[in-house]
1. Suppose R0 equals 35 Å. What FRET efficiency, 1/(1 + (r/R0)^6) with r the Cβ-Cβ distance, do R93 and A40 give to the nearest 0.05?
2. Can you pull the one-decimal nm distance between simple spin-label points at E53 and A68, each 7 Å off the Cα toward Cβ?
3. Would you please state which residues of the range 62-81 a label at A103 would reach in this model, taking the label point 7 Å out along Cα→Cβ and a backbone N cut-off of under 17 Å?
4. How about the range 1-98: which GluC sites (Glu not before Pro) there are in a DSSP loop, with at most 10 other Cβ atoms within 10 Å of their Cβ?
5. Based only on Cα atoms, what mean projected area does the convex hull of the chain have, in nm²?
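Throughout, read-outs are computed from the coordinates displayed, never taken from laboratory work. As the structure is a computational prediction, the values presented were derived from the model and not from experiment. With ideal geometry, Cβ positions are generated from the backbone for all residues, glycine too; neighbour counts draw on all protein chains shown.
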Amino acid sequence: MAYTLKIEQKPGYLHATVTGRNSADTVVRYMREVMQECTARRCQRVLIEENLEGPRLGTMEVYALVNAGAKQFHGLLKALAFVDLNAEGGVMRFAEDVAVNRAIPARVFRTVAGAPKPTP
């Protein structure tokens, strides 16, 4: 398996931690799994802590992933806090802009400690 996903129920939100190899396929697969857990647990707030190893995805790959995810998961979340522990440059801010422009309530943070914990 290219990744490991751990999901913890916290008061008012889910905390998803993903580790493994960085690839577009990994992102698609773990995001689908996170959204399935959110739906199953009736939780619309999630903190994703991504710690994937390997080359970073390019701007166009990130755009395509966020755009497709926005179409697939539109309306399922009230809050998405995202921390990429290996982020480089401004691609994550770009991902946040793409998500927000598609009505996905997403914010990107540098650290888990710096991310506000979603509240009900």
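1. 0.70
2. Simple spin-label model gives 2.5 nm for this pair.
3. The answer is 67-80, whose backbone nitrogens lie closer than 17 Å to the label point.
4. In loop regions of the range 1-98 (DSSP not H, G, I, E or B), the sparsely surrounded GluC sites (Glu not before Pro) are E88.
5. 6.6 nm²
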